[in-house]
Amino acid sequence: MTWVVVLLNGVNLNASLSSIEYDQFGQRTFEKVLVCGTWEQGFEQAKLNNFDQALFVKSGTIFTNWVAWKNLLNSYPHQGLIGHLIWHPGQNLKLDQQCWFADLNKFSVNDLGAITLSHVDPVRSVQNLHDDYTPLWVKPGRKITTYESDGFGQGLIAKQLNSGCGIVNWNNQARQLKLFAYDNDTSLFLQDYRNLAESQLWVLNNEPVVIAQGAKLLTPGSGMVWMLNIIDQKNQSLQVVDISKTQIKFCQKLWESWDGINYGEFVWDFIKENNLIHYEIDIADLDAVGRLKLRSKSNFVNHVNNKFNQTLLDHNVVDFPAQWQHSKTIKNPKFDCANLIDWVLKFGTAKYDSIWCSNILRYKWTLLNSTCEEFEQFMQAIDKLELL
């Protein structure tokens, strides 16, 4: 059986996407996500895409560790329906919309809009997950109850109970792996990841290094892009904006104190001086042996210098140290720790004619911290700039 994520569009859509499309520390999961405007639309999309099951997620639900969540869900015991069961004393059983899972072959889209309901009485577990309204499970009883729908998921519940099957609640392990932004504020969510992203150092680029045709460039500070652009004769001004305070500190120190010689040793010294644990060179899937070798200063320095020098050759850069030192005498780049999207929306693009976005438009931190509307406004704002 294969399942897909159906994500209901709404407030904090990007934050939810960030926690599904990227793992705990920002690696792409390549998870299939269908964004829908209604649950009915999402149900039908999942069926049309030939999925047997679907995890239905409301925008604002944030997963703290998608890989762990997926492993849990793949082994979760159920009979075709899982959700946040809510059964207050004296009220009808219902589901919370924030996250539920269904075997699509057991239900129809009409179950989502059922109004008049008739099903066998549910029998609940004695124990609750918390308070007195969250049973661990419910199962079919014997008597028939009929009522008008007054809560979400009751059509699904009716179909499940009438088929002789029970419904299970999300257990405490599942609840620890997902959160919901009830007040629409995601600023305190995924703090471990935020801390990592905001202190990350990118030494080299794992995407092509590009040179702007325009004279005024806006760019993140990762890797060599800003360095090769600052020495280019066409360049007149350069603004570096990066969410990593470590990256900004690194770029500033390069500009202020580096002579342009032996980049690898400068990087090694910076890492050691600042006790950095999280830094990226250019090998995404380096194995344990390879990482162990790079703990040696000579191996690390040689590796970084080889990649640095190859990039210079690829761009026909001759005598980089001389060009770097000359640029330092005539140019004055600016370095600011900020969200590039916020920067453009706040200050506009009048000062720039080129922009390099690196991977920020598909970056977990950016999705977590920017809304869909801000993305759209950003893309409109940079529409007339040269995009590198």
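Worth pointing out:
- Centre-to-centre separation between the Cα atoms of region 154-189 and those of region 1-38: 16 Å.
- Each residue of region 37-52 is assigned a 3J(HN,Hα), and the resulting list reads x, 9, 5, 4, 4, x, 4, 5, 4, 4, 5, 5, 8, 6, 8, 8 Hz, derived from the Karplus form 6.51 cos²θ - 1.76 cosθ + 1.60 (θ = phi - 60°), x at Gly and Pro.
- One quarter of the surface of the convex hull around the alpha-carbon atoms of region 259-388 equals 10.5 nm², the direction-averaged projected area.
- Crossing angle, helix 320-330 versus the chain [Cα axis fit, 0-90 degrees, rounded to tens]: 90
- Eligible lysines near K143 by straight Cα distance, threshold 30 Å, same-chain separation 8 or greater: K94, K106, K159
- Of the three principal axes defined by the Cα atoms of region 74-203, the extents in descending order read 66, 32, 29 Å.
- Nitroxide proxy distance, nm - points 7 Å out along Cα→Cβ at S118 and S187: 5.4
- The mean sequence separation of alpha-carbon pairs under 8 Å and at least six residues apart, normalised by the residue count of the chain, gives a relative contact order of 17 percent.
- Rounded to whole numbers, the Karplus 3J(HN,Hα) couplings from phi for region 124-131 are 9, 5, 5, 7, 10, 5, 7, 6 Hz, using 6.51 cos²θ - 1.76 cosθ + 1.60 with θ = phi - 60°, and x at Gly and Pro.
- Available extension along the chain between K47 and A381 is 116.5 nm, counting 0.36 nm per residue and deducting the alpha carbon span.
- Dipole magnitude (debye, nearest 20) for the chain, charges at Cβ of Lys, Arg, Asp, Glu: 540
- Peptides 313-321, 342-350, 13-21 ordered by packing proxy, namely the average of other Cβ atoms within 10 Å per residue, highest first: 13-21, 342-350, 313-321.
- The chain, helix-only ellipticity at 222 nm - DSSP H runs n ≥ 4, -39,500 (n - 2.57), divided by all residues, nearest 500: -10000 deg cm²/dmol
- For region 225-249 versus region 343-388, the gap between their alpha-carbon centres in whole angstrom: 16
- Inter-label distance, N171 to N306: 4.8 nm, where each label sits 7 Å from its Cα along the C-beta direction.
- Stokes-Einstein translational diffusion, region 155-252 - Kirkwood Rh over all Cα pairs, 1.567 mPa s, 4 °C, in µm²/s: 72
- Considering only L217, A288, F266, and ranking their Cα positions along the charge dipole of region 193-387 that arises from unit charges at the beta-carbon of Lys, Arg, Asp and Glu, the one farthest toward the positive end is F266.
- Residues considered: E40, E148, E374. Largest GNM mean-square fluctuation over the chain, using C-alpha springs under 10 Å, is found at E148.
- FRET efficiency, Q236 to D319 (Cβ-Cβ, R0 30 Å, nearest 0.05): 0.90
- Length gained when the stretch Q213-K253 is fully extended (0.36 nm per residue, less Cα-Cα span): 11.8 nm
- Set K272/K331; K249/K346; K234/K331; K334/K364; K47/K364; K216/K331 screened for pairs whose C-alpha atoms are more than 20 Å apart: K272/K331; K249/K346; K334/K364; K47/K364
- Protection proxy ranking, peptides 236-245, 288-297, average beta carbon neighbours within 10 Å, highest first: 236-245, 288-297
- Inter-centroid distance (Cα atoms) of region 276-329 relative to region 111-141, Å: 60
- Footprinting exposure proxy for Y363, Y22, Y133 (fewest neighbouring C-beta atoms within 10 Å first): Y133, Y363, Y22
- With contacts taken as Cα pairs under 8 Å and at least 6 residues apart, region 61-216 reaches a relative contact order of 29 percent.
- Rounded to 5, percent antiparallel among DSSP beta bridges of the chain: 50
- Estimated FRET transfer efficiency when R0 is 51 angstrom, pair V289-N110 (beta carbons, to 0.05): 0.35
- Amide hydrogen neighbours beyond the local backbone of V6, cut-off 5 Å, H modeled: L34, L55, F56, V57
- Relative contact order (percent, whole number), region 136-281, Cα cutoff 8 Å, 6+ residue spacing: 22
- The phi-based Karplus calculation (6.51 cos²θ - 1.76 cosθ + 1.60; θ = phi - 60°) puts the 3J(HN,Hα) values of region 340-356 at 4, 5, 4, 4, 5, 5, 7, 9, x, 10, 4, 7, 10, 10, 9, 9, 10 Hz, whole numbers, x for Gly and Pro.
- Computed from the C-alpha gyration tensor, the three semi-axes of the ellipsoid equivalent to the chain are 53, 22, 16 Å, from longest to shortest.
- Amide H within-cut-off set for N339, under 5 Å, with H built and near neighbours excluded: none
Coordinate-derived values only; no laboratory data. Bear in mind the structure is a predicted one, so any value in this text is a computation, not a measurement. Cβ coordinates were reconstructed from backbone atoms using ideal geometry, including for glycine residues, and neighbour counts include every protein chain displayed.
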